[in-house]
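The values are calculated or read from the model by the stated rules, or taken from the named source; none is laboratory data. Computed from a prediction, not measured in an experiment: that's the story for all the values here. Here Cβ is always computed from backbone atoms with ideal geometry, including for glycine, and neighbour counts include all displayed protein chains.
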Amino acid sequence: MASEGDNGPESPQNDFSRWWIAALGLVFLVVVVGLTQFAWNQREEATSWTELKALVADDQIEKVTFEGEWVRAVRKGEERDGKSLIQVTRVQGDESFIALLESHGVEYTAVQPNPCASGSLTFLLLPLMMLAL
């Protein structure tokens, strides 16, 4: 028979240890995902749709990428330190923008939206972590 000071497999102390490790792992995961999202969002300069069109008209834009509701543009002649990227929300139905890009010789492409960039991976990992416990 086990004494009161026994730390056997059924003791409350061992149960607490398992939850403590799981909670610490979850906190670590949230911090890593949060910092990744923060770093990714900080590398782009936000501006308005009108300002982006003015930059294209002034021949300051090298390349434009359409990604879902976002439009990302790269400025000409700047170092690739992250400050040369511009991100705006796409205005649906503005067909004059494509004509403006073509008239100024700006390369443009469209890519599928990245599901991990929107934070949906975070919402998937939390239930999976809970199921693993």
Which one of these is in a helix (DSSP H, G or I), modelled with pLDDT of 80 or more and surrounded by fewer than 16 Cβ atoms within 10 Å (Cβ to Cβ): 26, 35?
26
The condition of being exposed (fewer than 11 other Cβ atoms within 10 Å of the Cβ), modelled with pLDDT under 85 and among the charged types (D, E, K, R) holds, among 78, 10, only for 10
So which residues in the stretch 60-69 are assigned to a strand (DSSP E or B) and surrounded by fewer than 16 Cβ atoms within 10 Å (Cβ to Cβ), if there are any at all?
62, 63
Hits in the stretch 92-120 (condition: modelled with pLDDT of 90 or more and assigned to a loop (DSSP other than H, G, I, E, B))
104, 105, 106
Of the residues 2, 54, which single one is out of contact with any helix residue (DSSP H, G or I) (no Cβ under 8 Å at 6 or more places or on another chain), small (Gly, Ala, Ser) and at pLDDT 90 or above?
54
